[in-house]
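Written out below as structure tokens is the structure these notes cover.
Taken together, the values in this text are just the output of simple stated rules run on the coordinates, not laboratory data. It should be emphasised that the depicted structure is a prediction, and the values quoted were computed from it without experimental measurement. Please note: Cβ atoms are built from the backbone with ideal geometry, for glycine as well, and neighbour counts cover all protein chains shown.
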Ligand SMILES: Nc1ncnc2c1ncn2[C@@H]1O[C@H](COP(=O)(O)OP(=O)(O)OP(=O)(O)O)[C@@H](O)[C@H]1O
Ligand SMILES: [Mg+2]
């Protein structure tokens, strides 16, 4: 027998559960079915394994596998190696304004970030001209570079949050024992924040293995097979290969699903369970000295230069006149400041900006209405035990591209292709898991006596959630919603697949839903593409991210605190 | 004996708030010193300054004749036991205890011998591969103690080391702490707000209140000759009666309050010639003694007695105060009757 409280708690997770089953789990299975379907000479569907055979005959597959492998391994490895010192320096310097600046590149649309790098690394018109006149985009390491730039701040944030959460008495015990500096970091801090380190690593693995947006942007200035990975290949097979391509794409997506499932299991294990203790290495020869503040400053400034350089270049570009943009050698500081780029991008880009705004708002609210009750219910009432939260983390670790083909079927069947609503109902599959996870951790730290009091006052689970908890979780929810908005704002794969025209600017009979990411990512290198307009549009696309970081700057490290609050 | 630990002219403020101010504090070698005071009195602050976790605004800390005020914690020859133990959760018992030594770069064999020595003393043999959370509170406390002692510090500092334990374990560990201190022959400074603990353990007790030292001395001195009303009442077991409520006792009259310990009043159903009559409100049986609560002249008094002699709740009884043991207080300070005598000053 279930108590009414249990039943109500279950009802709170139902919408999220149903959504994830339809939009997350069904596509995964559907892909698998598609792998066995291919057309015969007459165009009718036959069942067989020819897709598997043909998929492995695709030209350049070795390079593509190599690239995927590289992105999946190099990105997390370098990220973690760079993030640990950065987080340590940030903690040592203890300047509250540094963190938000460092975080910038992780919270902007991936497409915008990629555009910055393509501009900057251009060996004739970009800043690269002054460093070495080589084209980096002939090598997959260019994508690794962009990926690291994009994900390093997030890894740093997770590790920094962990470091900040080390209780003062442990810090003081270490001080009494004479442990300081690097020695303390290795012997006390890092083992203590192991859950954060593991989460950061797995998140970076997922991030690296998904790489899509920078490839999409950089392909305009690169040879096709140099940088492509499986994610992108699957997309382009589907995009250009008709029904044959679809079957082969499904094969690749199924492979990705299997690999991601492996990663997901790892993620769930590591995030939810205490990992086995391993033997400690002795760090006898590590310097037992505090890093001098000057040295810490030096390195932090280096990191800041790395993170901010592409931003600066983009902003400079956006104010340049066309002749200065294309001049060789490139002009660094514009001699004449023009707003032409901004005017043009606002006029031309208007339908794209409107679509992105509406779709992102819609997604954020949908995610809020479905996700917040679920997060509350699983965190406070342990609904579904570990199963539900595991499902969330599982869906989170699936590459977005694998949902694409089956979802087109779903959206088409309800007549919502190429519409705002079509995007709004599909986006939560990649937005909701992370928001539920964040809110889950947020509610885990929420004082328990609040709902107990509400319960004593005779409120039901709904009552205590809607009338007490929601009102008090304003800060957690607003930051999470803003983050949801930003993920939606930066989405690329779904709008590429589900929308094919810009908004027709008719609010009574809207049609078309191409987003600002397509406007930015799709125009680069195409037809009459205009650097000034593009860079201005890219700058505009940063606004929501800057707002998020500004509003969340004080509590941002608490929202990404993982591991410690779990279980 | 030489003074092993000294603090001179220490002042510590947090913003405008004065957390500790003391002129002079000295403990001899092999002393078990207890710092006693209510919450917020500055005990932890004192200890943290001694440990080097906090630096004083002014003043100096001297350990073993050497001024250590400017030295970092690990160079001061002090060991600290934290109130919540502060064991490293990711390290085993062995590794926790060994940590201060591994930092100091001793050889593994040397460390091993010493850790096992301490495991033996702390009765922790067999637990060395467990993690802190697999231990009971009392065991964790002993690990914390071992870690503080491993480098053979001159001074062992303990901040409310027993307050997180339940009553039985607390009494056991209390004996254990003192034995260990004696066995190792070191100077211990133990902070507590529990007067019974202080009396039981201290060779020397320092009473703090509102950032100031109220009194310092042996438990006997402090008990029988509290300098102030605060010290007397904080040590407990005493009845304080405002002079206005008292009938003429035939003694000097220039006091505000009279203090009499709970065992220095006797009760009798025979009222005899006393003017002091109380009504019994409540009788508590402690197993070997009784605590009788009385209403007397509008206040409550407590009396400890070995047998009731027929006294029951609600009975009216005569109170007989042992006049040789009373204390008199004026303006919050005790009148030193040892010198002046009970009779009114001439
Ligand atoms: N870091 C700090 N910042 C500001 N005020 C502080 C700080 N540490 C202590 N105080 C204040 O100094 C006073 C003395 O604190 P302390 O911790 O020494 O008290 P305590 O005697 O140990 O009390 P307790 O028995 O509650 O532990 C308190 O009023 C406390 O609020
Ligand atoms: Mg204290």
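Brief remarks follow.
- Alpha-carbon centroid distance for the pair region B:175-236 / region B:1-38, whole angstrom: 13
- Remark: mean inter-chain Cβ contacts per residue of B:78-86 equal 3, using a 10 Å Cβ-Cβ cutoff to other protein chain atoms.
- Each part gets one Cα centre, and for region A:283-336 versus region B:56-74 those centres are 45 Å apart.
- The antiparallel fraction among DSSP beta bridges confined to the protein assembly as shown stands at about 75%.
- The slack between residue A:445 and residue A:504, meaning 0.36 nm per residue of separation minus the straight C-alpha distance, is 16.6 nm.
- FRET efficiency estimate (nearest 0.05) - Cβ-Cβ, residue A:323 to residue B:130, R0 60 angstrom: 0.25
- The sum of -39500 (n - 2.57) across all DSSP H runs of n ≥ 4, divided by the residue count of chain B, sets its helix-only mean residue ellipticity at 222 nm to -7500 deg cm²/dmol.
- Of B:131, A:235, B:88, the sequence from fewest to most neighbouring Cβ atoms within 10 angstrom is B:131, B:88, A:235.
- Relative to one another, the C-alpha centroids of region A:454-527 and region A:181-201 are positioned 35 Å apart.
- The long axis of helix B:93-103 is offset from the longest Cα principal axis of chain B by roughly 70 degrees.
- Against the empirical 2.2 N^0.38 Å (N residues), region A:23-178 has a Cα radius of gyration ratio of 1.55.
- Label-zone membership for region B:109-148, site residue B:166, 7 angstrom Cα→C-beta point, backbone N under 11 Å: B:137
- The slack in the chain from residue B:256 to residue B:333, taken as 0.36 nm per residue of separation less the alpha-carbon distance, amounts to 26.7 nm.
- Across peptide B:96-104, the average count of Cβ atoms from other chains found within 10 Å of a residue's Cβ is 5.
- Relative contact order of region B:261-331, pairs being alpha-carbon contacts under 8 Å that are 6 or more residues apart, as %: 43
- Between residue A:223 and residue B:277, the simple label model (points 7 Å from Cα in the Cβ direction) yields a spacing of 11.6 nm.
- Of all DSSP bridge pairs formed entirely within chain B, close to 75 percent run antiparallel.
- Across region B:193-346, the mean sequence separation of Cα contacts (distance under 8 Å, 6 or more residues apart), normalised by length, yields a relative contact order of 23 percent.
- Cα gyration tensor, region A:362-501 - rounded (a/c under 1.5), prolate or oblate: prolate
- Between residue B:117 and residue A:309, the simple label model (points 7 Å from Cα in the Cβ direction) yields a spacing of 5.7 nm.
- Tensor-based shape of chain B (alpha-carbon gyration tensor, a/c under 1.5 rounded, otherwise prolate or oblate): prolate
- Cα gyration tensor shape of region A:1-107, rounded if a/c is under 1.5, else prolate or oblate by comparing a/b with b/c: oblate
- Helical contribution to [θ] at 222 nm, DSSP H n ≥ 4, -39,500 (n - 2.57), averaged over chain A, rounded to 500: -20500 deg cm²/dmol
- Cβ-based exposure ranking for B:66, A:294, A:164, in which fewest neighbours within 10 Å come first: A:294, B:66, A:164
- Residue order for A:259, A:539, B:93, fewest other beta carbons within 10 angstrom first, comes to A:259, A:539, B:93.
- A simple spin-label model places pseudo-atoms 7 Å from Cα toward Cβ; at residue B:29 and residue A:164 they are separated by 5.0 nm.
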